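Peer 1: Submitted below is the structure of interest, expressed as C-alpha cells.
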Amino acid sequence: ALSYAENDAKAHKIPLCFFVFNEENLDKLKSRYEKSEAEEKRGNFDYVYDYESLSTFKGKKLSGQRNHVNKFKRLYPDYTFEEVSEKNKEELRDFFLRFSSQNEKTNSAIEAEKKKIFELIENPSDYRQFGGVLKVSGDIVGFSFGEIIGKTMFVHIEKANTEYAGAYQMLVSSFASHFSREGVVYINREDDVDDEGLRKSKLSYHPIFFVKKYILYANN
C-alpha cells in the first residue's frame with residue numbers, strides 16, 4: 001500500500017503525506033522516510049474518557065455535568081431515552097432536518113457530515129452502529145450514534161437542542177448507560193475540529209487521555 005502511494009504521488013508530481021492516527025504508526029513511517037517531518041494536528045486529537053464516569057457523572061470533577069443532568073430531570077420529568085428503530089426513524093429524520101437548518105455554520109465538511117448523518121439514520125446497521133434518542137413530552141430533543149470496538153465505545157454523532165437546559169449532558173450520560181456492555185472501559189468522543197466552543201465543552205468532561213493524530217510529510 002505504501003509503495004502504491006509513493007508511485008501515485010510520483011506519477012502525479014505531488015507531495016507524499018500521511019494522516020497518522022497514533023504514535024506507533026508514526027514511528028513506523030519515520031523509519032521508512034528518514035527525512036520526513038511530522039506535525040501534530042491538535043484539532044484532530046480524539047478525547048477519551050472513563051466509561052463509568054460518563055455513565056454516572058460521579059465525583060467532584062464532574063459535579064457541573066451532574067448538576068446539568070439533575071436540572072434537566074427537574075425541568076423535564078417526563079423525559080425518555082429509547083433506541084433508534086423503525087418506529088422513530090422518520091421522527092428522527094425530521095428532527096435532524098430542523099436542527100441542521102437552524103445551524104448558521106455551513107461549509108463543505110458540514111454539508112458532508114449532514115449527508116452522512118441522514119444516511120446513518122436511514123440504515124444504521126449498514127454502518128454497524130446503534131443509536132439512541134432523548135425525548136421530552138414524546139418529542140425528540142437529541143440523539144447519538146456510536147459503536148463498540150474492543151474496550152472502547154466510540155460516539156460518532158451527538159446532536160441536541162440546547163433550548164432544553166442540560167440536554168447534551170443528559171444525552172451523554174443516557175447514551176453511555178443505556179448501551180453499557182461488559183468489558184467496556186473507555187468512551188472515545190472523537191475530536192473538536194479546532195472549534196473553540198466544542199473544545200471547551202469536551203474538556204469540561206475531563207478526558208483521561210487523548211489519541212494524538214499527525215500529518216507526516218515524507219520528504220525522501
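Peer 1: Heavy-atom accessible area of Thr80 with all protein chains present, probe 1.4 Å, nearest 10 Å²?
Peer 2: 60
Peer 1: Taking the Cβ-Cβ separation of Glu52 and Tyr127 as r and a Förster radius of 22 Å, what is the calculated FRET efficiency to the nearest 0.05? Kindly include the intermediate steps, with their values, before the conclusion.
Peer 2: Working: r = 26 Å, r/R0 = 1.19.
Once rounded, the FRET efficiency stands at 0.25.
Peer 1: Same structure again: Please figure out what share of the DSSP beta bridges in the chain is antiparallel and state it in percent, rounded to the nearest 5.
Peer 2: Numbers: 34 of 37 bridges.
Once the DSSP bridges in the chain are tallied, antiparallel ones form about 90 percent.
Peer 1: Hey, could you get me the Stokes-Einstein D for the stretch 1-100, Kirkwood radius over alpha-carbon pairs, 4 °C and 1.567 mPa s, rounded to whole µm² s⁻¹?
Peer 2: On the way: Rh = 19.4 Å.
After rounding, the answer is 67 µm²/s.
Peer 1: Another one. What is the extension gain from Ile208 to Leu2, computed as 0.36 nm multiplied by their sequence separation minus the C-alpha to C-alpha distance, in nm to one decimal?
Peer 2: Details: separation 206, 0.36 × 206 = 74.16 nm, distance 3.31 nm.
My answer for the length gained is 70.9 nm.
Peer 1: Right, next: Short version: ³J(HN,Hα) in whole Hz for each residue of the stretch 132-139, in order, from phi by Karplus 6.51 cos²θ - 1.76 cosθ + 1.60 (θ = phi - 60°), x for Gly and Pro, what are they?
Peer 2: For the stretch 132-139, the Karplus-derived couplings read x, 10, 9, 10, 10, 6, x, 9 Hz, x marking Gly and Pro.
Peer 1: Given R₀ = 41 Å, FRET efficiency for Ile215-Glu86 by Cβ-Cβ distance, to 0.05?
Peer 2: Rounded to the nearest 0.05, the efficiency is 0.50.
Peer 1: When the C-alpha atoms of the chain are aligned to their principal axes, what extent does each axis show, in angstrom, from largest down?
Peer 2: 62, 39, 34
Peer 1: With only alpha-carbon pairs counted, each pair once and no self-pairs, how large is the Kirkwood hydrodynamic radius of the stretch 119-220 in angstroms?
Peer 2: On the way: mean 1/r = 0.0653 Å⁻¹.
One over the average 1/r among Cα pairs gives 15.3 Å for the stretch 119-220.
Peer 1: If you don't mind, there's one more thing I want to ask. From the residues Asn22, His12, Ala38, which one has its Cα farthest along the dipole of the stretch 1-44 in the positive direction, the dipole being from +1 and -1 charges on Cβ of Lys/Arg and Asp/Glu about the Cα centre?
Peer 2: His12
Peer 1: Can you list the residues of the stretch 1-24 with backbone N under 17 Å from a point 7 Å past the Cα of Lys41, pointing along Cα to Cβ?
Peer 2: Of the residues in the stretch 1-24, 15-24 have backbone N under 17 Å from the label point off Lys41.
Peer 1: Moving on to the next point. Using a 10 angstrom Cβ neighbour count of at most 10 plus a DSSP loop assignment to flag exposed GluC sites (Glu not before Pro), which longest range of the chain is free of such sites?
Peer 2: Details: sites that count: Glu34, Glu86, Glu104, Glu163, Glu182.
The longest uninterrupted stretch comes out as 105-162.
Peer 1: Continuing with the same structure: What 222 nm value per residue comes from the helices of the chain, counting each DSSP H run with n ≥ 4 as -39,500 (n - 2.57) and dividing by all residues, nearest 500 deg cm²/dmol?
Peer 2: Details: 8 runs with 89 residues, N = 220.
The per-residue figure over the chain is -12500 deg cm²/dmol.
Peer 1: How much accessible area does Leu198 have with a 1.4 Å probe, in Å² rounded to the nearest 10?
Peer 2: Approximately 70 Å² of Leu198 is accessible to the 1.4 Å probe.
Peer 1: How many angstrom lie between the C-alpha centres of the stretch 145-204 and the stretch 1-68?
Peer 2: The stretch 145-204 and the stretch 1-68 have Cα centres spaced 18 Å from each other.
Peer 1: Now a separate question. Let me check something: with ligands and nucleic acids excluded, how do Tyr217, Tyr49 order by accessible area (1.4 Å probe), largest to smallest?
Peer 2: Details: Tyr217 85, Tyr49 0 Å².
Final ranking, largest accessible area leading: Tyr217, Tyr49.
Peer 1: Quick one: putting +1 on the C-beta of Lys and Arg, -1 on the C-beta of Asp and Glu, what dipole do you get for the chain around its Cα centre, in Debye to the nearest 20? Mind showing how you got there, number by number?
Peer 2: Numbers: 34 positive and 36 negative charges, 123 e Å.
Value, rounded to 20: 600 debye.
Peer 1: In whole percent, and with a 1.4 Å probe on the protein chains, what portion of the accessible area of the chain is carbon and sulfur? Kindly include the intermediate steps, with their values, before the conclusion.
Peer 2: Working: 6420 of 13160 Å².
Taking all protein chains in place, the chain shows 49 percent carbon and sulfur surface.
Peer 1: Among all stretches of the chain without exposed trypsin sites (Lys or Arg not before Pro) (DSSP loop, at most 10 other Cβ atoms within 10 Å), which one is longest?
Peer 2: Values: sites that count: Lys13, Lys35, Lys87, Lys105, Arg128, Arg181.
Longest gap between qualifying sites, sites excluded: 129-180.
Peer 1: On a full-extension model of 0.36 nm per residue, what is the gain between Asn25 and Leu75, subtracting their alpha-carbon distance, rounded to one decimal in nm? Working shown, then result.
Peer 2: On the way: separation 50, 0.36 × 50 = 18.00 nm, distance 4.79 nm.
That works out to 13.2 nm of additional length.
Peer 1: For the pair Leu198 and Ser63, what calculated FRET efficiency results from E = 1/(1 + (r/R0)^6), where r is the Cβ-Cβ distance and R0 = 30 Å, to the nearest 0.05? Intermediate values should be presented prior to the final figure.
Peer 2: Values: r = 21 Å, r/R0 = 0.72.
For R0 = 30 Å, the calculated efficiency reads 0.90.
Peer 1: Under a point spin-label approximation (7 Å from Cα along Cα-to-Cβ), what is the Arg98-Glu111 distance to one decimal in nm?
Peer 2: Reported label-point gap for Arg98 and Glu111 is 2.6 nm.
Peer 1: Quick one: what are the phi-derived ³J(HN,Hα) couplings along the stretch 15-25, Karplus 6.51/-1.76/1.60 with θ = phi - 60°, whole Hz, x for glycine and proline?
Peer 2: Rounded to whole hertz, the list is x, 9, 9, 10, 8, 10, 8, 7, 5, 4, 5.
Peer 1: What whole-number value in Å² describes the accessible area per residue of the chain for a 1.4 Å probe? It would help to have the intermediate numbers written out before the result.
Peer 2: Details: 13160 Å² over 220 residues.
With the other protein chains kept in place, the chain gives 60 Å² per residue.
Peer 1: Can you give the log10 of the normalised intensity I(q)/I(0) at q = 0.18, 0.20, 0.31 Å⁻¹, computed with Debye over equal Cα scatterers of the stretch 107-161?
Peer 2: These q points yield log10 I(q)/I(0) values of -0.68, -0.81, -1.20.
Peer 1: Here is a further query. Using a 1.4 Å probe and counting only protein heavy atoms, arrange Ile121, Ile14 so the residue with the most accessible area comes first. Each step should come with its number before you reach the end.
Peer 2: Details: Ile121 0, Ile14 95 Å².
Heavy-atom accessible area, descending, gives Ile14, Ile121.
The values are calculated or read from the model by the stated rules, or taken from the named source; none is laboratory data. Since we're looking at a predicted model, the values are computed, not measured. As a convention, Cβ positions derive from the backbone with ideal geometry for all residues, glycine included, and neighbour counts pool all protein chains shown. Areas reflect the complete protein model, heavy atoms only, side chains present, ligands, DNA and RNA absent. Shrake-Rupley method; radii C 1.70, N 1.55, O 1.52, S 1.80 Å.
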